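Chemist: The structure is given below, and queries will be raised subsequently.
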Amino acid sequence: MSKSIVIACSKDELTRIRQFVADQLDHHNIPDLQAHKLVLAVDEVCANLIIHANYCDPTNKIELDLQFNPKQIIFTFRDKGDRFDINQYDSPSMDELVSSRRQGGLGLLLVKRIMDKIEFSTEKNYNICTLVKTIG
Amino acid sequence: MVNIETEKKEDIHFIRVTGDIDAGSSIHLDNAFKEGLETGESKIAVDLRELVYISSAGLGVFVSYLDEFELKKIKLVLFGIQEAVRQVFDILGLEKLIDIAENEEGAIAKLNE
């Protein structure tokens with residue numbers, strides 16, 4: 001079973017996408033604490049795509065598809081912005097972040113620690129980012 | 001949506017946060033910290049009892065001030081973090097970097113140590 005949502009590339013849309021994912025996870029009886037982490041991972045990927053791949057241009061869109069399998073949930077993001085492969089991004093260490101006084105850099109670290117698999121591919125004009133979480 | 005209120009009780013500057021902090025709203029938390037720096041606060045307690053959600057943008061605000069606070073001898077304590085939010089701090093190991101108290105009394109005690 002799969003459910004989709006399309007959002008504009010605006011930070012104002014983050015609340016709506018979090019609500020959508022939370023509703024779907026609740027509908028599939030995912031425990032609250034785990035659901036909170038999954039919503040966070042989706043939010044982090046969307047924020048990155050909105051800001052770094054689509055420069056907050058609301059005419060650009062991101063499509064998110066949630067697929068619930070018996071043992072895993074698959075989150076698929078499609079957008080046409082700049083290619084942004086999470087796996088090629090080295091997360092800075094916490095010491096580096098503190099001493100540089102930077103505010104960015106924690107998001108992808110969270111995604112990597114929350115999800116079991118992250119894949120990136122391109123298809124025609126689309127960037128496709130897939131997050132997999134094993135459940136049960 | 002986030003709502004941030006500040007309050008001074010004796011020599012402690014309280015920043016009380018309600019709602020969600022994400023990439024769109026983290027600027028309000030950042031402004032509250034900037035304000036605290038400008039007014040020369042030396043003890044800051046952040047009340048997170050009503051914080052329901054925080055993404056890396058908000059966590060990044062806390063982390064980005066740690067170096068400056070240490071340099072300026074400003075004490076920072078967060079308190080009242082809800083379980084769902086707390087697990088996000090734990091994923092990153094932030095409790096090793098930031099002082100966290102269970103409640104307001106605990107935060108005051110830590111700030112007055």
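All of the numbers you see were taken from the coordinates with simple rules; none came from a lab. Here the structure is a predicted model, which means the values were calculated and not measured. Using ideal geometry, Cβ is built from the backbone for each residue, glycine included, and neighbour counts are taken over all protein chains shown.
Chemist: Can you pull out the chymotrypsin sites (Phe, Trp or Tyr not before Pro) in the range A:1-73 whose DSSP state is coil and whose Cβ has at most 13 other Cβ atoms within 10 Å?
Modeler: Passing both the DSSP loop test and the Cβ count: A:Tyr55.
Chemist: If the label point is 7 Å along Cα→Cβ of A:Val132, which residues in the range A:34-78 have backbone nitrogen under 11 Å from it?
Modeler: It comes to A:72-75, nothing else.
Chemist: Would you list the membrane-span-like helices of chain B, meaning whole DSSP H runs whose alpha-carbon atoms span at least 20 Å along their axis and whose mean Kyte-Doolittle value is at least -1.0?
Modeler: Helices meeting the criterion: B:56-71.
Chemist: Given the options B:Ile12, B:Ile44, B:Ile91, state which has the largest fluctuation in a GNM of chain B using a 10 Å cut-off (strictly under) for Cα springs.
Modeler: B:Ile91
Chemist: Hey, got the dipole for the range A:72-111? About the Cα centre, +1 on K and R Cβ, -1 on D and E Cβ, debye to the nearest 20?
Modeler: 180 debye
Chemist: List the relative contact order of chain B as a percent without decimals, with contacts defined as Cα pairs under 8 Å and 6+ residues apart.
Modeler: Result for chain B is 25 percent.
Chemist: For A:Lys11, give me every one of the lysines with a C-alpha distance below 18 angstrom, ignoring sequence neighbours fewer than eight places off in its own chain.
Modeler: Once the sequence-local lysines are set aside, what remains near A:Lys11 is A:Lys61, A:Lys80.
Chemist: Follow-up question, since we're still on this one. I need the trypsin sites (Lys or Arg not before Pro) found in the range B:1-110, filtered to DSSP loop residues with at most 15 other beta carbons within 10 Å of theirs.
Modeler: Hits after loop and neighbour filter: B:Lys72, B:Lys73.
Chemist: Report the extension gain between A:Thr59 and A:Asp26 in nm, rounded to one decimal, defined as 0.36 nm multiplied by the number of residues separating them, less their alpha carbon distance. Walk me through the numbers on the way to the answer.
Modeler: Working: separation 33, 0.36 × 33 = 11.88 nm, distance 3.03 nm.
Going from the current span to full extension adds 8.9 nm.
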